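What follows is calculated from the coordinates using simple rules that are stated; it is not laboratory data. As the structure is a computational prediction, the values presented were derived from the model and not from experiment. FYI the Cβ positions are ideal-geometry reconstructions off the backbone, even for glycines, and counts take in every protein chain you see.
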Amino acid sequence: MMTARDDTQLVSDLVTMWFSSRKWAEELICATFNLSSPDDFLANIRRFNKPRSGQFPNSPWHYRIHGVGIDISKPNNCGGIDFDFDKPGVDQWRLREFMVKQLNDGAIPMRWYRPLLQDPARWSAALAAAGVAGLSLPNKTQSAGECTNSMKKAKHAAGLNSFEYCATLHILHPSINPEDVTACLGIEPSRTSGAGQTDRNIPGRVYDFSHWMCELPVRDGDDLPTFLECVIALLSPHRGYLEHISDEGGEIECFIGIFADRLCDQSYPYELLASLAELRINLRFDFYKIDDAESDESN
């Protein structure tokens, strides 16, 4: 039986490995795309209309871009790292994803780390002892798409397939004025930043693309397909504008954060997915494990 001190050391070693892997990933990105800084990667992808997923040349590593982040791994989610370019630190969710990748790749001892993965209480205690933050690190910008505690969550109760969720809409564009997005959609944003503006959280840095975000309304009782039908109804009148944004190298993303204490599933009809595609809307799902005590408090 491993002690709490041993668990803390395991988490600390994992954090060290995470930062080392991020440095390796940034060097790989810069070398592959001939960039002076990894912060230029997303703008480079949009500017030259490069694919948002693919394989690094002469390498076993694959990449997938999401929001303002990138996921690098070998097939079957083996090895690599998933991080956001605007978030220098690591939180408990990213660290857990990282642990799964390394376990899949055999890069860390299964007999030591698998028990942490299987025991949420033990994992949380080790994180707290190692000083790893919860949803985000202090004084850093929130990752695009990430759910915050203040956001409204809807409850979908279906026996063993019950969960809560929150949702946000994101529009990324190389140069658009976020105020124009607000005016055209008629929706008040939760947060905006314009290309060329100074980053309020990181001195000396400017945004290399525009970002517009709003919280999407959710209702208790609605499953995710029903919620997405409401999103389609909300945005269908603006199809032409969304197509214009996409044609200019922009991206529209519907982010859904799912909170559950066990595995859950939803089925998405092809007609629904086709309607989202017509609006050029990408879907992103983030899954958050909640323990039984937290679930009881929310009921």
Quiz item: Using Cα-only point scatterers and the Debye equation, what is log10 of I(q)/I(0) for the stretch 4-130 at each q in 0.21 Å⁻¹, rounded to two decimals?
Solution: -1.20
Quiz item: Taking the Cα atoms of the stretch 154-298 alone, what are Rg (to one decimal) and Dmax (as a whole number) in Å?
Solution: 17.0, 51
Quiz prompt | Which of W93, W61, L127, positive extreme of dipole for the stretch 4-130 (C-beta unit charges) | solution = W61
Quiz item: For the stretch 154-298, what is the charge dipole size about the Cα centre, in debye to the nearest 20, if Lys and Arg each add +1 at the Cβ and Asp and Glu each add -1 at the Cβ?
Solution: 340 debye
